[in-house]
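Down below is the structure, laid out as structure tokens.
Read-outs: derived from the displayed coordinates by stated rules, not from any lab. None of the values given here were measured: they were computed from a predicted structure. Cβ placement follows ideal geometry from the backbone for every residue including glycine, while neighbour counts extend to all protein chains displayed.
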Amino acid sequence: MNGLVQRAVNRLILKMRQPSRTFFVCTLLICVVACNASVRRSGLPAGAQTALQEAIDDIDAGRYDKIYEEASDEWRSQASPENSRATLQMMGTKLGKARTRTQQTAREEQTSTAPVAGHSVTVIYQTTFDRGEAIETFTLVEHGGKWALAKYYVSSSGLR
């Protein structure tokens, strides 16, 4: 099949005039490069994806002290270890265990302003917990080539 397609493309290129041929080849090249770019990565830097998965695993397993220890300075400047642990425990108690997460959006940014200055990634999930639905928002920030959790928000009527 590939040979047949290749022969058809070659015949088409030979029949075109020079300006049309150049335009066609450039357009084809752009399409190939664009397709390869989307295959190459899922939208998140590999280090951010790894740090995100570790944070999710730690939250799901109740390793709240580990989350605080490995979090970014942005996280630690907003809460004490005790406050961070208490907040995460309260969410776990009210909502229960996460059953399913469906990624809604993922956004990579480079900014010099708040809420998180620098190279960051924000990922939003629609999550089903034991006792309700929620929107989880994870923000990770990169410092010195290392990604860490900077913010974690949960929006749910089950937290009221």
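Along the charge dipole of segment 46-159, pointing to its positive end and built from +1/-1 on Cβ of Lys, Arg, Asp and Glu, which listed residue (Val141, His119, Ala98) has its Cα farthest out?
Most positive-ward Cα: Ala98.
Please work out the ratio of the alpha-carbon Rg of segment 120-160 to 2.2 N^0.38 Å and round it to two decimals.
Rounded to two decimals, the normalised Rg is 1.39.
Give me the net charge for the shell around Asp57: Cβ to Cβ below 14 angstrom, other residues only, Lys and Arg +1, Asp and Glu -1.
-1
Once you wrap a convex hull around the alpha carbon atoms of segment 63-160, what is its projected area averaged over all directions, in nm²?
6.4
What's the local net charge at Gly92, with K and R +1, D and E -1, over the other residues with C-beta under 12 Å away?
Net charge around Gly92: +2.
Considering all alpha-carbon pairs of segment 69-115, what whole percent are spaced by more than 17 angstrom?
Summing the P(r) tail past 17 Å for segment 69-115 gives 59 percent.
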